[in-house]
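Peer 1: One structure is given below, represented as structure tokens, and several questions about it will come after.
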Amino acid sequence: MEHQDDVDGRLAQAAHTHSGPLAGAARWWLRTRREYEELGTDPEQRDERPLTGYALLMSGYLLSTVTAAGLLARRRRDAALPSAGDLALMSVAVFRTTRTLSKDAVLSPLRAPFTVFSEPAGPGEVLEQPRSGAVKHAVGELITCPFCLGQWVATAAVVSYAAAPRATRWVATGMTVVAAADALQYAYAALEKTEG
């Protein structure tokens, strides 16, 4: 929280020493964030809500999505919508990819700048908690939550499909095979338990 307070202090100082639309937006943001935190739940039950980090992530997502859509619109006017089979394939691939990115123990070094280890969470998976700080906490929440990460990965899959459908099908097929193999591993383990 100290880092957030430092960022807010610098933002407040800049907002009060300057005028214009950006200074007005900064004052509005500080007021909105303060009201959100003060009018929320009981202070004893509050969890850190890094609104500044969330706002930066949303802005990055929006900017990259609009940029990708704009580039695709200029480059590929003939891009077809995915078929039902492609949607099913990409859905399973997005599920497996988000699970791998957010929980896989081997990928912990990629998440480590934004998370801390909490405990093992199943075969080859770990449970991690976000680090403190507005941006680190927001990114940590995003990359440890398969549901949260799903939208980002799905957007990348759809953009990839529009740009290069054949290559996207190959990658999606690989992740779908991994998901099927995982399901078979769990089924085999369950079968062993019932026999033993």
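Peer 1: Criterion first (surrounded by fewer than 19 Cβ atoms within 10 Å (Cβ to Cβ) and modelled with pLDDT of 95 or more) does Asp86 satisfy it? Lay out the reasoning, then the answer.
Peer 2: On the way: surrounded by fewer than 19 Cβ atoms within 10 Å (Cβ to Cβ): yes; modelled with pLDDT of 95 or more: yes.
Yes, satisfied.
Peer 1: Given the condition touching a Leu at 6+ places or on another chain (Cβ under 9 Å) and surrounded by fewer than 17 Cβ atoms within 10 Å (Cβ to Cβ), answer yes or no: does some residue in the range 126-143 qualify?
Peer 2: Taking every residue of the range 126-143 in turn, none turns out to be touching a Leu at 6+ places or on another chain (Cβ under 9 Å) and surrounded by fewer than 17 Cβ atoms within 10 Å (Cβ to Cβ).
Peer 1: Determine the pairs where a residue that is assigned to a loop (DSSP other than H, G, I, E, B), located within the range 121-137, has a partner that is at pLDDT 90 or above and among the polar types (S, T, N, Q) with Cβ atoms under 7 Å apart, the partner being 6 or more residues away or on another chain.
Peer 2: Final answer for the pair search is Arg131/Thr115.
Peer 1: Considering only the range 173-195, I want to know if a residue exists there that is touching a residue at least 12 places away in the same chain (Cβ under 8 Å) and basic (Lys, Arg).
Peer 2: No, the conditions are met nowhere in the range 173-195.
The values are calculated or read from the model by the stated rules, or taken from the named source; none is laboratory data. For clarity, every value in this text was computed on a predicted model and none was experimentally measured. Counting neighbours? That spans all protein chains shown, and the Cβs are built from the backbone with ideal geometry, glycine included.
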